[in-house]
Every structure is written in C-alpha cells, then in structure tokens.
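Just below is one structure, and these are the notes that go with it.
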Ligand code: ADP
Ligand code: TRP
C-alpha cells in the first residue's frame, strides 16, 4: 500500500484544518510508504500573488514540521520540485474525456464562488490524478469534498491502462473520519473564506483576543448553560482531556460559570496544546526547512522518473 496526500498552500492553516486534515497527515508521515506534499501548482489556480504563494508554501512546510511531521520517515515535498507531474498531467489529459471533468462539482462550486473559470481550474482534477499516479499511489486519504477527484483519478488510470497498456495501479480514496466541523469564532464552520479562523501559530496576544471574541448566547453568569449547543464548548472539547471536558460540561449545567472564564480556560488549553509545536516552529531555520523538502523531493522524483520512463515508453514518446 502506498499512501499519498496533498494540501494546497492557499492560506495560513487554522484549527479546523489541523483537526480535519493535518493531524491525520502527520500520523501518516510515520510510515515509510507515505508521500505527503504541498500542492503549490494547484494553488496557482486561486493565488496569483507570487509573494503570498511562496509565503504560504513556506509557512505550510514549517507548520507541518513544527506539528511533528517526520520528514526522515516519509517523502515530504513541494509539488513544484517534482515537475514530472506536469508532464504526466499532459499525457493524462489526452485520455481524459471532457464529460468526466464537466461532472466535477468542485469546479462548479468554485466558479459559483466567483473564481475565474479558466482551464487550470477545469483541469485541476487531471493534475491531481498525475500527483497520485506518478508515485503509483494506491491509497489517497482525503476529506469527503475530494472524493470525486480521486474517483476521477481512478477513471483516468483505467482509461490510460486501456489505451496504452497496464501502467497504473488503481487508486482508492480513504475518506477521513468526519471531524464534526470545527466551528469558527462566529459559530459558522471555521473557514478561511469566512474570516472566522484561529491559527495555531499566531502570537499569544492575538490568539487570546480571538478566543475572547468567540460568539456565545447572552446568558448571565448565574444561569445554567447547555454545553451541547455552545460553539465555545465545541472548541473547548477538542483540546480538553475527557476528564476536563466532563468537568466543564457539569459546570455549564450547574450555573455560576461565566463564558469569559471558559474562554480563558480554552485559550490556556490551546496554548499548552501547541506549546511544543510553537517552540519548534520558532526554532526552525530556513536551511532546515529547505533540507527537509529537498530530501523529500529527491525521494519523490526518483519514483516519478521511473514512472515517467514507463509512461513515455507505453505511449511512444
Ligand atoms: P478552508 O475552508 O479554510 O478554505 P480548506 O478547504 O483549504 O479550508 O480545507 C482543507 C481541509 O481542512 C479540508 O479538506 C478539511 O478536511 C479540513 N477542514 C477545513 N475546515 C474545517 C473545519 N472547520 N472543520 C473540520 N475540518 C476542516
Ligand atoms: N485538491 C486537494 C485539496 O484541495 C489537494 C490535492 C492536490 C490532493 N493533489 C492531491 C489531495 C492529490 C490528495 C491527492 O484538498
């Protein structure tokens, strides 16, 4: 089994990304057959500011390393350091039926949100198929929103194998267990596009300020409160031990607890949860980050070159 997973550097990761995706990828990085990469070619479909793209790419690499991804065990790399994926994407595109891409809901959603309907956005799933197939990955852990893209990759692999001979194993998605959507400071799902995020690595003062701004109902201190409908509690429980969680739920129900105290306890828990990672991130040098990515690129490129040699031969290039 070979595992591959990619994350777009499309902003600064927040606590929703951490619980919903990054933590699982970090667990995977302890397996030698895992390929984990930063999808910066993909991010070009939405980020057209060179400074921002390189800042997000570098930031995401640092975040992963600080949060415990082990680059010596897996292949951790920047997509653009393996340019063979673009060559494969073109070859795959020649066997990709238009209808397959026209059915992709993610493309339609993005266009509805106002992202320009250019060819990069339309062909996004073909590049994703190239990421997966170039390392002959069989298992692709993704959030439910990416399931269709992995199905497209599988269909493209079948189409290629039928047209040019058997080169690719068929990849399967592994849907990450739904971390019931992490709420943002306004109570909606935490998302970069809603401006309601809390980031694990922002400075302590800013982090505390955001936690203090979490929306709650207007119940007074003395009143009993319901932890099950409170988004402050939903965030608290992510960081608390089971004993802390149960004790806090009991205090909610008993009354006499102000939301300000819960917020302070939450900020303390968050800071202690990320304390080690924050220290590691501050101590990471640019040279260490580059060395980790370079080593990962070398591992991934070796496999990519082997696959491309097979592909070129199969198609007659
Ligand atoms: P955003 O909505 O901030 O743009 P992305 O779409 O880039 O986030 O999300 C990347 C991954 O992070 C998703 O596939 C999903 O697994 C996870 N994720 C994002 N927001 C949340 C959230 N609020 N709760 C749980 N998981 C989330
Ligand atoms: N499209 C994925 C996302 O937005 C990122 C991605 C790019 C990816 N290539 C991939 C995920 C290959 C898994 C496999 O989350």
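The values are calculated or read from the model by the stated rules, or taken from the named source; none is laboratory data. All values reported here derive from a predicted model rather than from experimental measurement. Cβ sites come from the backbone with ideal geometry, for glycine too, and all protein chains shown count toward neighbours.
Conditions tested, residue by residue: (1) assigned to a helix (DSSP H, G or I); (2) free of Cβ contacts under 8 Å to residues at least 60 places away in the same chain; (3) more than 13 Å from ligand 1 (Cβ to nearest atom).
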{"site": "12", "(1), (2), (3)": "no, no, no"}
{"site": "16", "(1), (2), (3)": "yes, no, no"}
{"site": "22", "(1), (2), (3)": "yes, yes, no"}
{"site": "37", "(1), (2), (3)": "no, no, yes"}
{"site": "41", "(1), (2), (3)": "yes, no, yes"}
{"site": "57", "(1), (2), (3)": "yes, yes, yes"}
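The set of residues from the stretch 131-152 being within 23 Å of residue 32 (Cβ to Cβ) and not in a loop (DSSP other than H, G, I, E, B) comprises 131, 132, 133, 134, 139, 140, 141, 142, 150. Please give the number of the condition residue 103 fails out of (1) within 21 Å of residue 171 (Cβ to Cβ); (2) out of contact with any strand residue (DSSP E or B) (no Cβ under 9 Å at 6 or more places or on another chain); (3) within 14 Å of ligand 2 (Cβ to nearest atom); (4) at pLDDT 95 or above. In the conditions (1) within 21 Å of residue 171 (Cβ to Cβ); (2) out of contact with any strand residue (DSSP E or B) (no Cβ under 9 Å at 6 or more places or on another chain); (3) within 14 Å of ligand 2 (Cβ to nearest atom); (4) at pLDDT 95 or above, residue 103 misses (3) alone. Being out of contact with any strand residue (DSSP E or B) (no Cβ under 7 Å at 6 or more places or on another chain) and in a loop (DSSP other than H, G, I, E, B) is the filter; apply it to the stretch 24-35 and report the residue that is farthest from ligand 1 (Cβ to nearest atom). Only one residue tops the list, namely 32. Given the criteria closer than 30 Å to residue 2 by Cβ and either without any contact (Cβ under 8 Å) to a residue 60 or more places away in the chain or over 22 Å from the mean Cα position of the chain (by Cα) (or both), does residue 206 qualify? Considered against the rule, which asks whether it is closer than 30 Å to residue 2 by Cβ and either without any contact (Cβ under 8 Å) to a residue 60 or more places away in the chain or over 22 Å from the mean Cα position of the chain (by Cα) (or both), residue 206 comes out as no.
Yes/no matrix, rows are residues, columns are (1) outside the structural domain of residue 82 (by TED's automatic domain parsing); (2) more than 13 Å from ligand 2 (Cβ to nearest atom); (3) more than 22 Å from residue 53 (Cβ to Cβ):
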| position | (1), (2), (3) |
| --- | --- |
| 7 | no, no, no |
| 11 | no, no, no |
| 15 | no, yes, yes |
| 20 | no, no, yes |
| 28 | no, no, yes |
| 33 | no, yes, yes |
| 36 | no, no, no |
| 41 | no, no, no |
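When each of 44, 4 is tested for being at pLDDT 95 or above, surrounded by fewer than 22 Cβ atoms within 10 Å (Cβ to Cβ) and touching a helix residue (DSSP H, G or I) at 6+ places or on another chain (Cβ under 9 Å), the lone residue that passes is 44. Do you know which residues across the stretch 62-106 are in a helix (DSSP H, G or I), within 16 Å of ligand 1 (Cβ to nearest atom) and in contact with a helix residue (DSSP H, G or I) (Cβ under 6 Å, 6 or more places away or on another chain)? Matches in the stretch 62-106: 79 only.
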